[in-house]
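Heads up: the structure comes next, in structure tokens.
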């Protein structure tokens, strides 16, 4: 092992969160080391962005690059299992009409783009370096990484940022990671050529299709392929009694509209993937010499495509915290308290809907969105990731929930049946079988 090298900040993980915070800190003249265990481009799921991402790309100076690889996305289509029509909503219907679009992207391309941008900003960006140990002391931390050529390197850092994604390196080290008992899902997914898409302006919109055991995503990409995935309760994948590909196509057949859109499509590389989308969070995100951002801190169901936005936003907020820790340590306690609260805002807002998304009441409200008490405007701001809009947004979100509870009480038998079904669905099914299970966003 070489002698330890010095740096101001060592960032673990070269995904959207790690690359973003590395670029921001390097711009400020910090000596930043960014370590990524794989080599870009590498496969990753989580291809749908939100309008809230656009301003962040602007601040990073990469918007034009993202636009070149992206498919424009102006809203969402909801496809019910028991109706002969679909519902369409546009992001422009939120509190900020300027947050009216985003993109669908291949994550392999987006992640590499952000990683290279961090290197251009001045970060020492190293691929093929898996962090094995992080040891903290009063002066900072010693970080040891194993290169894929078998060599080891070591750094002395004043501050460590964990952006290791679902590896949750520091949360695992501190035993602070907690599974979310309110959500327990799995996913099957693949990419298709020649899928039938929506027409005109809506071609790039994401489609959310409900079915008996969960919901599907349908994400059109700029290269002509379409990402299709089924997020389902754990018991459903546990019951698999045939090869993964066959089980996936049987699942698609449960959603007639989706099945029709894919009737002439072919599966890219004949590959189907599976993963456990088990929600979790850490008891805390910060320490005196460390910060967890993105999925390294918390992971929620991907239904509302919030993953990349929450990761990048936590990186922007985290960059300010790191600067405070390095330059004004006396102000760090207050800064930590503020960011701990802010980093929970988005996951909390999205999770309320995620826990109830298969409930008939929520489904009806999505299929017939009404702007009573600005409830629809609040919902669309949430779906556009305009979650820090201010008091008007907060009030409209509260009114949406109030309407939900009122309708639920009026239909209490249906509500009770939905609650019982949800309790049954989230029961712990233990480990899922199959060698194809992998960690994805």
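The values are calculated or read from the model by the stated rules, or taken from the named source; none is laboratory data. Quantities reported herein were computed from a predicted structural model and do not represent experimental measurements. Backbone-built Cβ (ideal geometry, glycine too); neighbour counts: all protein chains shown.
Worth pointing out:
- Verdict on residue 316 being outside any strand (DSSP E or B), at negative phi and without any contact (Cβ under 8 Å) to a residue 60 or more places away in the chain: no
- Residue in segment 233-256 that is closer than 30 Å to residue 317 by Cβ and assigned by TED's automatic domain parsing to the domain that holds residue 79 present: no
- Qualifying residue in segment 206-225 (condition: over 17 Å from the mean Cα position of the chain (by Cα) and either closer than 30 Å to residue 324 by Cα or part of a helix (DSSP H, G or I) (or both)): no
- Some residue of segment 117-139 being in the same structural domain as residue 66 (by TED's automatic domain parsing), touching a residue at least 40 places away in the same chain (Cβ under 8 Å), surrounded by 18 or more Cβ atoms within 10 Å (Cβ to Cβ) and on the phi > 0 side of the Ramachandran plot: no
- Residue 336 being exposed (fewer than 14 other Cβ atoms within 10 Å of the Cβ), in contact with a helix residue (DSSP H, G or I) (Cβ under 9 Å, 6 or more places away or on another chain) and at pLDDT 95 or above: no
- Residues that are in a loop (DSSP other than H, G, I, E, B) and touching a helix residue (DSSP H, G or I) at 6+ places or on another chain (Cβ under 7 Å), drawn from segment 1-24: 13, 14, 15
- Flag if residue 249 is touching a strand residue (DSSP E or B) at 6+ places or on another chain (Cβ under 9 Å), within 29 Å of residue 103 (Cβ to Cβ) and in a strand (DSSP E or B): no
- Note on segment 242-282: among residues that are farther than 30 Å from residue 166 by Cα and in contact with a helix residue (DSSP H, G or I) (Cβ under 8 Å, 6 or more places away or on another chain), the one that is surrounded by the most Cβ atoms within 10 Å (Cβ to Cβ) is 262.
- Apart from one condition, residue 41 fits all of (1) modelled with pLDDT of 95 or more; (2) in contact with a strand residue (DSSP E or B) (Cβ under 8 Å, 6 or more places away or on another chain); (3) within 25 Å of residue 189 (Cα to Cα); the exception is (2).
- Residue count for segment 89-109 under the criterion of being under 20 Å from residue 226 (Cα atoms), touching a helix residue (DSSP H, G or I) at 6+ places or on another chain (Cβ under 7 Å) and not in a loop (DSSP other than H, G, I, E, B): the result is 4.
- Filter result for the condition that a residue is outside any strand (DSSP E or B), farther than 30 Å from residue 394 by Cα and touching a strand residue (DSSP E or B) at 6+ places or on another chain (Cβ under 6 Å), over 141, 118: 118
- Residue check for residue 280: within 30 Å of residue 324 (Cα to Cα) and within 18 Å of the chain's Cα centre (by Cα): yes
- The residues of segment 409-441 that are modelled with pLDDT of 85 or more and over 17 Å from residue 182 (Cβ atoms), listed by number, are 409, 410, 411, 412, 413, 414, 416, 417.
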